[in-house]
Structure formats: C-alpha cells, structure tokens
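Novice: Shown below is the structure under consideration.
The values are calculated or read from the model by the stated rules, or taken from the named source; none is laboratory data. Computed from a prediction, not measured in an experiment: that's the story for all the values here. We place every Cβ from the backbone using ideal geometry, glycine too, and count neighbours over all the protein chains shown. These area figures cover heavy atoms from the full protein model, side chains too; ligands, DNA and RNA do not enter into them. Shrake-Rupley method; radii C 1.70, N 1.55, O 1.52, S 1.80 Å.
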Amino acid sequence: HLSDAFFLEFSAGRTNTGKTSYERLSGAAELMTESERELTYYNLSLGYNLLPGEVFIGSNYAFNTALYIIAGMGSTRFAGDDRFTINAGFGHQFLVTDWISLHAHIRDHIFDMDLLGDSQSTHNLEVSAGIAIFF
C-alpha cells in the first residue's frame, strides 16, 4: 500500500491451453506445438480504493472493506511470442484482521494476437478470489 487510497500489485500466472475449435474440427491441422500452448503472464498494476468503508456484522463486529479499481501493464507469452499486455478491472477487499484480507476481482487482460495472420486485440477475462496475508 502506497497510501490509504493507492496500492501496487504484482501478479503472475501460467496455464496450459487446449486445441482450438479449428484444430478439433479439421482433424489434422495443428496451429501450435505443445510448448506454444503454454500461456504465462506477469503485470504490475496500480490500484485505487474507490469506496473504502466498513461492514458491520451484528452490533459487536466491524470490518474494513474497499471497492477498488485497478489497471496496469505487463507481458503475456503465448504461441511462442511475447506480447505487451494492459489490464484493467475492479475488485472488493474485506479485511478480516489487520494482517489477513479476503478479496475477489474481475480483470481483463488485453493484448494483440496474430495467430492466423490477422492481427486483432484479444480480451482475456480473469475472475478470482483469494486470501492475502500482509507482512
């Protein structure tokens, strides 16, 4: 956290993708090798706590929360090429204690793709939930 309102986030991910619908329907046409089907990404994002506040559970418990927006840039490696990637999204954070929070967010990773020779922007939605531990 840079301040009460702003924070930085570094994230990275990796997954293996399957065959495209074209490859399945054509029978023998292979567009990518198995190693090119691996997708990895990293990005650095700046977040802003849009609606910080508190949630009250009963009369004895109050928890800090924040609805935030986030955007950043990074790189995505797919089909053997590195692609400049921007991301943007929003999320909600629920602080259970001073050092543990629950969060959920939706983010769109946007990069240009030219797998079949026609360059176009792709939108890759990410939906996640997790636990963060502050130290």
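Novice: With the chain treated as a Gaussian network of Cα nodes joined by springs under 10 Å, which of Gly74, Gly89, Gly27 yields the largest mean-square fluctuation?
Specialist: Gly27
Novice: Find the relative contact order for the stretch 51-135 and round it to a whole percent, using C-alpha pairs within less than 8 Å whose residues are 6+ positions apart.
Specialist: 22 percent
Novice: Compute the distance in nm between two label points, each set 7 Å from the Cα along the Cα-to-Cβ direction, one at Ile133 and one at Ala12.
Specialist: Calculated label separation equals 1.9 nm.
Novice: Over the Cα atoms of the stretch 11-135, what is the Rg over Rh ratio if Rh follows Kirkwood?
Specialist: 1.12
Novice: Give the carbon-plus-sulfur fraction of the accessible surface of the chain in %, rounded to a whole number; probe 1.4 Å, heavy atoms of protein chains only.
Specialist: Looking at the chain in its full context, I get 61 percent from C and S.
Novice: Rounded to the nearest whole Å², what accessible area per residue is found for the chain with the 1.4 Å probe?
Specialist: Per residue, the chain has an accessible area of 66 Å².
Novice: Return the calculated 222 nm mean residue ellipticity for the chain, to the nearest 500 deg cm²/dmol, obtained by summing -39500 (n - 2.57) across DSSP H runs with n ≥ 4 and dividing by the residue count.
Specialist: -1000 deg cm²/dmol
Novice: Over every pair of different alpha-carbon atoms in the stretch 91-135, take the mean of 1/r and invert it; report that Kirkwood radius in Å.
Specialist: Evaluated over the stretch 91-135, this radius sits at 12.8 Å.
Novice: Which residues make up the longest stretch of the chain clear of GluC sites (Glu not before Pro) that lie in a DSSP loop with no more than 15 other Cβ atoms within 10 Å, not counting the sites?
Specialist: The reported range is 35-135.
Novice: Okay, moving on. How many nm separate the modelled label positions at His92 and Ser35, each set 7 Å beyond the Cα in the direction of the Cβ?
Specialist: 4.4 nm
Novice: What number comes out for the charge environment of Ser35, summing +1 per Lys or Arg and -1 per Asp or Glu over other residues with Cβ under 15 Å away?
Specialist: Surrounding charge for Ser35 is -2.
Novice: Of Trp99, Thr122, Thr33, whose Cα points farthest to the positive end of the dipole of the chain (charges on the beta-carbon: +1 Lys, Arg; -1 Asp, Glu; origin at the Cα centre)?
Specialist: Looking along the dipole axis, the top candidate is Trp99.
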